[in-house]
Amino acid sequence: MTFTEQQCDGSVTAARESRSNPAQSAPIQKASEPAKRRGADMPSAPTFWNDFYANNTWSHEHGTVGRHLVTEVAHLNPGAALDLGCGEGSDAIWLAQQGWHVLAVDAAETALDRAREHAAALGLDQSIQFAQCDLAVDFPRGQYDLVSAQYLHSPVAQPGERERILHRATQAVAPNGHLLVVSHWTVPSWHPKMPNASQAAHLTLPSPQENRAALQLADDQWEILRDELADFEQIGPEGQREIRQDHVLHVRRLS
C-alpha cells in the first residue's frame with residue numbers, strides 16, 4: 001500500500017469512511033480556527049509544539065518505541081493504523097516494521113520532518129504517511145484497525161479539547177479494530193508537580209476515570225481489553241530510581 005496525501009477533516013462523516021482505502025487523495029485541510037479560538041495569549045498547538053521540538057536538543061535523537069504500544073499491539077494482525085500525536089515517529093516506525101500501514105499525524109512540522117527523514121533512511125517511507133494536523137480542529141479521514149494515542153497531552157489545549165479528540169478517535173476505529181490510549185498519571189518526585197506554569201509543558205494529568213469517560217463507550221459496542229495503571233521504573237537526573245505510573249486503556253470495537 002502506498003500512502004498519498006491524507007486529508008485531515010473535521011466532519012464526522014469523514015471519520016466513518018471505509019478503511020479499505022485509509023489514505024485518500026486529498027490535501028490536508030489547513031484551518032485558521034485554532035489561533036482565534038485559543039486567544040491571543042495562548043499559542044496554537046502547531047506554534048507551541050514546533051517551538052518545543054526546535055528548542056529541545058534531546059528531540060534530535062529518535063526516541064524508543066512506547067513500551068505499552070509494544071505490549072498491547074505486538075500480537076495483533078497488522079492492518080491500517082492511525083498514530084495520533086506521533087512526534088518524531090518512533091511508534092509509527094515500529095508499527096511499519098511490524099507490517100502495519102500507518103498514517104501518523106502531529107501538530108509540529110518540525111517533528112514530522114525528522115520523522116520523515118528517519119523513515120526514509122530505514123526504507124519505510126512507502127508504509128508510513130506523515131501529515132500535519134491540529135487535532136483540535138482537523139481529524140484524519142477513514143477508519144483504522146488500530147488507533148494509537150500515546151501520551152496525548154498538551155499544555156495549550158482548551159478545557160475539554162483532549163476529551164473531544166479522544167472521543168473522535170473512537171469513531172476512527174473500524175469494526176473489530178483497536179484503540180489504545182496511554183496517559184501519564186504520576187510523575188517522579190524530582191519532576192515539578194503538574195500543572196506547573198513555570199514548566200514548558202505544564203500539563204494537567206487526567207485520571208483513569210476521566211480517560212474512560214472521554215471515550216464515551218457504549219457497553220454493547222466495545223470490549224475493554226486492558227484498563228489499569230502500569231508501573232515502571234524511571235531513573236532520575238542523579239541516578240535515583242523511582243516507580244511512576246501510566247494509565248493504559250486498550251479497547252476493541254465490536255461493531
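The values are calculated or read from the model by the stated rules, or taken from the named source; none is laboratory data. Source: prediction; values computed, not measured. Quick reminder, even Gly has a Cβ in these numbers, built from the backbone with ideal geometry, and neighbours come from all protein chains shown. Accessible surface areas use protein heavy atoms only, side chains included; no ligands, DNA or RNA. Shrake-Rupley method; radii C 1.70, N 1.55, O 1.52, S 1.80 Å.
Screening Ser255 with (1) open to solvent by less than 70 Å² (accessible area, probe 1.4 Å); (2) farther than 17 Å from Tyr151 by Cβ; (3) of a type in the set (Gly, Ala, Ser) gives one miss only, at (1).
If you go through region 69-92 and keep only what is of a type outside the set (D, E, K, R) and open to solvent by 10 Å² or more (accessible area, probe 1.4 Å), you end up with Val70, Thr71, Ala74, His75, Leu76, Asn77, Pro78, Gly79, Gly85, Cys86, Ser90.
The strands (runs of 3 or more DSSP E) located wholly in region 61-177 that include 2 or more residues which are touching a Ser or Thr at 6+ places or on another chain (Cβ under 8 Å) occupy 80-84, 101-106.
Table: residues versus (1) small (Gly, Ala, Ser); (2) open to solvent by less than 20 Å² (accessible area, probe 1.4 Å).
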position: Leu135; (1), (2): no, no
position: Pro140; (1), (2): no, yes
position: Ser148; (1), (2): yes, yes
position: Ala157; (1), (2): yes, no
position: Arg162; (1), (2): no, no
position: Arg168; (1), (2): no, no
position: Ala174; (1), (2): yes, yes
position: Gly177; (1), (2): yes, yes
position: Leu180; (1), (2): no, yes
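Determine, yes or no, whether Val65 is farther than 14 Å from Asp106 by Cβ, open to solvent by less than 70 Å² (accessible area, probe 1.4 Å), at pLDDT 85 or above and more than 13 Å from the chain's Cα centre (by Cα). For Val65, the condition - farther than 14 Å from Asp106 by Cβ, open to solvent by less than 70 Å² (accessible area, probe 1.4 Å), at pLDDT 85 or above and more than 13 Å from the chain's Cα centre (by Cα) - is not met.
The condition of being open to solvent by 10 Å² or more (accessible area, probe 1.4 Å) and aromatic (Phe, Trp, Tyr) does not hold for Tyr144.
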